[in-house]
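Engineer: First, the structure itself, so that you have it in front of you.
The values are calculated or read from the model by the stated rules, or taken from the named source; none is laboratory data. Being a predicted model, the structure only gives us computed values, none of them experimental. Cβ coordinates were reconstructed from backbone atoms using ideal geometry, including for glycine residues, and neighbour counts include every protein chain displayed.
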Amino acid sequence: RFISREIKRMRLAENGNEVLNSFYSEFVKILNKHLEALDLLSKMLNANTTDEIAQIRGSIEKLEEEVDEIKDNIIDNIYQISGKLTFVEFNHLLSLSHKFDDILDNCEDASDLIMSIILSVES
C-alpha cells in the first residue's frame, strides 16, 4: 500500500515531471523482476525434489541481485541529479527505491525459509 499511495501522492503534486517518469520506468523493470520471483516462489512450493527447490532458490537469489543492481543505479542517478530535484522529489524517489528493493528481499527470504524447512524435514 505504501508504494501505490506514495506514487499517487507524488503524481498529484508533480504535474508530469519527466524526470520522475524516467525513474518510474526503472521501477517498472523492478516490478517485472518481482513478478518473475513470485512465479518462481510458486514453482518452488510445487517442486518435487530438493534439487529442484535449490535450483529455483538460486534463480530467485539471482533476480534479487539484479534488482540490487538496478536499485543501486537508480540511487546513483538520484544523487547525480539531486540539484535538479526538490527535497520532496529526492525523498520520494529514494524511499521508493528502497521499498521496491525490500519486496524482492522478502521474496528471497521466503525462498530461504522454504529451503530450510525442506532440509530440516529431510534430515
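Engineer: Just to be sure I understand, how many residues within the stretch 27-46 are surrounded by 17 or more Cβ atoms within 10 Å (Cβ to Cβ) and either among the hydrophobic types (A, V, I, L, M, F, W, C) or at pLDDT below 95 (or both)?
Structural biologist: Of the residues in the stretch 27-46, 6 are surrounded by 17 or more Cβ atoms within 10 Å (Cβ to Cβ) and either among the hydrophobic types (A, V, I, L, M, F, W, C) or at pLDDT below 95 (or both).
Engineer: Can you tell me which residues in the stretch 75-113 are aliphatic (A, V, I, L, M), in contact with a Phe, Trp or Tyr (Cβ under 7 Å, 6 or more places away or on another chain) and under 30 Å from Met44 (Cα atoms)?
Structural biologist: Looking only at the stretch 75-113, we keep the residues that are aliphatic (A, V, I, L, M), and these are 75, 78, 81, 85, 88, 93-94, 96, 103-104, 110, 113.
Subsequent filtering for residues that are in contact with a Phe, Trp or Tyr (Cβ under 7 Å, 6 or more places away or on another chain) retains 78, 93, 96.
Once the filter is applied, which keeps residues that are aliphatic (A, V, I, L, M), in contact with a Phe, Trp or Tyr (Cβ under 7 Å, 6 or more places away or on another chain) and under 30 Å from Met44 (Cα atoms), the stretch 75-113 yields only Leu96.
Engineer: Kindly check whether there is at least one residue in the stretch 50-58 that is assigned to a helix (DSSP H, G or I) and closer than 16 Å to Asp102 by Cβ. First the steps, then the outcome.
Structural biologist: Here is the first cut: in the stretch 50-58, the ones assigned to a helix (DSSP H, G or I) are 50-58.
Filter once more, so that each one left must be closer than 16 Å to Asp102 by Cβ: none.
For the stretch 50-58, residues assigned to a helix (DSSP H, G or I) and closer than 16 Å to Asp102 by Cβ: absent.
Engineer: Can you list residue pairs whose Cβ atoms sit under 6 Å apart, with the first residue in the stretch 67-95 being part of a helix (DSSP H, G or I) and the second being surrounded by 14 or more Cβ atoms within 10 Å (Cβ to Cβ) and among the aromatic types (Phe, Trp, Tyr)? Count only pairs 6 or more apart in sequence or on different chains.
Structural biologist: Ser82/Phe90; Leu93/Phe23
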